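Single-structure report; data block below.
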Amino acid sequence: MNVDLLTGDSLLWIVLIGAAVLIIGGAFLFVPKRRKPAPPESELPDLAEEPGLEPGDEPAEAPVAVETPTEPTTRLAKLRNRLSKSNSTLGRGLLALLSRDTLDEATWEEIEDTLIMADLGVDTTTELVDRLRERVRVLGTREPDTMRELLREELINVVDPTMDRSLNVERENSGTPGSDPAVVLVVGVNGAGKTTTVGKIARVLVAEGRSVRLGAADTFRAAAAEQLTTWGERVGVETIRGEEGADPASVAYAAVEQGKVDGTDVVLIDTAGRLQNKRDLMDELGKVKRVASRPLSEEGHDIDEVLLVLDATTGQNGMQQAKVFSEAVHITGIVLTKLDGTAKGGIVVAVQRALGVPVKLIGLGEGADDLAPFDAAGFVDALLAE
């Protein structure tokens, strides 16, 4: 009897416990799950833009947008305006001295000092002042406009408008595969803006409708080739480069050879600018120049241009650099960078007289198109702008 009752109670408890478990479990089953919020639409990958892209794949890098450089004659007007603002102190100072009631010996000495301080050079200053004094004496006039015109004429004369400032980049049958490209070697110390200037020259040539290829022969600076490649990509120009520490001459050779195969109009070659050892610099640049000319045919077996890039703010120190490079390779033209700011306008005359070659391009800023062909009259007019 007692066994039966115990058995009955046990069964009852089992049934009650089982029913409770079913009720509680069912309640959990019907509670809706919390979902992770969806990312905003701006974060969702747009796979439709790249057909065949699977989830988890890295999208391809966007191509570099090719820019259209400013036409060189247009940028020249802008640079004149900038030069007049940064160097107008020289012009105002000279005109103020020449406008004095009495042009005595002390005043002429002040005029000389002003020109020398502008990096014109002692010999050039003496010649200019002597001619100016004689013309003022002969004319016997002190009229401001006449004095201004006399000063303008004498400054243009020392800048020398007779020099050929065009880039020698014309080659017969250029643009035809197998024909010789014009080859331009660009030299200068590191820090003068040489590699940047090569990129800017490429923009000038592209704006003129020429095809260009770059050669990154400064293989001693890891960043130089990368920097030059970026400049080239911006205007759709290819850069030939080698491994860091590679023979610079071999890179120059490859660039010219490829330019000839493709029928490129102009090959621009950037070079190293180390001045630690003068002998090494001469040997290296001389070798680059010789080797770069080897792919050219016999009738055109030479480099067309060797441009020296100088930082105009270095003044007379830049003159010493110019002399070192002129001993290493035959310089055919000068590119003056950073001519605004603290630069003295007279450096144009000084470097031309020291090397006997013209300033062909000037840079007046950090902008991509802040490089323009040099014009003697325009340069002097900017110096004398009020």
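Among the residues that make up segment 211-222, is at least one of them open to solvent by 10 Å² or more (accessible area, probe 1.4 Å), farther than 24 Å from Val324 by Cα and touching a helix residue (DSSP H, G or I) at 6+ places or on another chain (Cβ under 6 Å)?
yes
For segment 305-326, name all the residues that are closer than 15 Å to Val186 by Cα and not aromatic (Phe, Trp, Tyr).
Quick first cut of segment 305-326, residues closer than 15 Å to Val186 by Cα only: 305-311, 321-322, 324-326.
Glu305, Val306, Leu307, Leu308, Val309, Leu310, Asp311, Gln321, Ala322, Val324, Ser326 - these are the residues of segment 305-326 that are closer than 15 Å to Val186 by Cα and not aromatic (Phe, Trp, Tyr).
Which condition from (1) at pLDDT 95 or above; (2) surrounded by 19 or more Cβ atoms within 10 Å (Cβ to Cβ) is the one that Glu238 breaks?
(2)
I'd like the full set of residues that are at pLDDT below 90 and surrounded by 15 or more Cβ atoms within 10 Å (Cβ to Cβ), limited to segment 137-150.
Of everything in segment 137-150, those that are at pLDDT below 90 and surrounded by 15 or more Cβ atoms within 10 Å (Cβ to Cβ) turn out to be Met147, Arg148.
Which number in (1) closer than 18 Å to Phe220 by Cα; (2) modelled with pLDDT under 95; (3) open to solvent by 30 Å² or more (accessible area, probe 1.4 Å) marks the one condition that Tyr253 misses?
(2)
Taking the criterion of being within 29 Å of Val235 (Cβ to Cβ), touching a Phe, Trp or Tyr at 6+ places or on another chain (Cβ under 8 Å) and either without any contact (Cβ under 8 Å) to a residue 24 or more places away in the chain or surrounded by 22 or more Cβ atoms within 10 Å (Cβ to Cβ) (or both), would at least one residue in segment 338-357 satisfy it?
yes
If Leu76 satisfies all but one of (1) among the hydrophobic types (A, V, I, L, M, F, W, C); (2) over 24 Å from Asp370 (Cβ atoms); (3) part of a helix (DSSP H, G or I); (4) modelled with pLDDT under 75, what's the number of the condition it fails?
(2)
Considering each of Gly121, Gly178 in turn, give the residue that is open to solvent by 10 Å² or more (accessible area, probe 1.4 Å) and closer than 30 Å to Ser211 by Cα.
Details: Gly121 fails: closer than 30 Å to Ser211 by Cα.
Exactly one residue qualifies, and that residue is Gly178.
Which members of segment 192-210 meet the condition of being open to solvent by 50 Å² or more (accessible area, probe 1.4 Å) and either in contact with a Ser or Thr (Cβ under 9 Å, 6 or more places away or on another chain) or under 22 Å from Gly242 (Cβ atoms) (or both)?
Arg210, the sole residue that qualifies.
Tell me which residues, restricted to segment 137-166, are within 21 Å of Val349 (Cα to Cα) and either in a loop (DSSP other than H, G, I, E, B) or polar (S, T, N, Q) (or both).
Taking segment 137-166 first, the residues within 21 Å of Val349 (Cα to Cα) are 148-166.
Passing the criteria: Asn157, Asp160, Pro161, Thr162, Met163, Asp164, Arg165, Ser166.
For segment 332-367, enumerate the residues that are farther than 19 Å from Gly315 by Cα, at pLDDT 85 or above and not hydroxyl-bearing (Ser, Thr, Tyr). Outline the logic, then answer.
Step one: filter segment 332-367 for residues farther than 19 Å from Gly315 by Cα, giving 332, 366-367.
Narrowing further to those that are at pLDDT 85 or above: 332.
Those that are farther than 19 Å from Gly315 by Cα, at pLDDT 85 or above and not hydroxyl-bearing (Ser, Thr, Tyr): none in segment 332-367.
Take the conditions outside any helix (DSSP H, G or I) and at pLDDT 70 or above and apply them to Pro69. Does it pass? Before the answer, list the steps.
Working: outside any helix (DSSP H, G or I): yes; at pLDDT 70 or above: yes.
Judged against the criteria, Pro69 is a match.
The values are calculated or read from the model by the stated rules, or taken from the named source; none is laboratory data. Please read all numbers here as calculations on a predicted model, not as lab measurements. Glycine gets a Cβ as well: all are built from the backbone with ideal geometry, and neighbour counts include every protein chain shown. We work out accessible area using only protein heavy atoms, side chains counted, and drop any ligands, DNA or RNA first. Shrake-Rupley method; radii C 1.70, N 1.55, O 1.52, S 1.80 Å.
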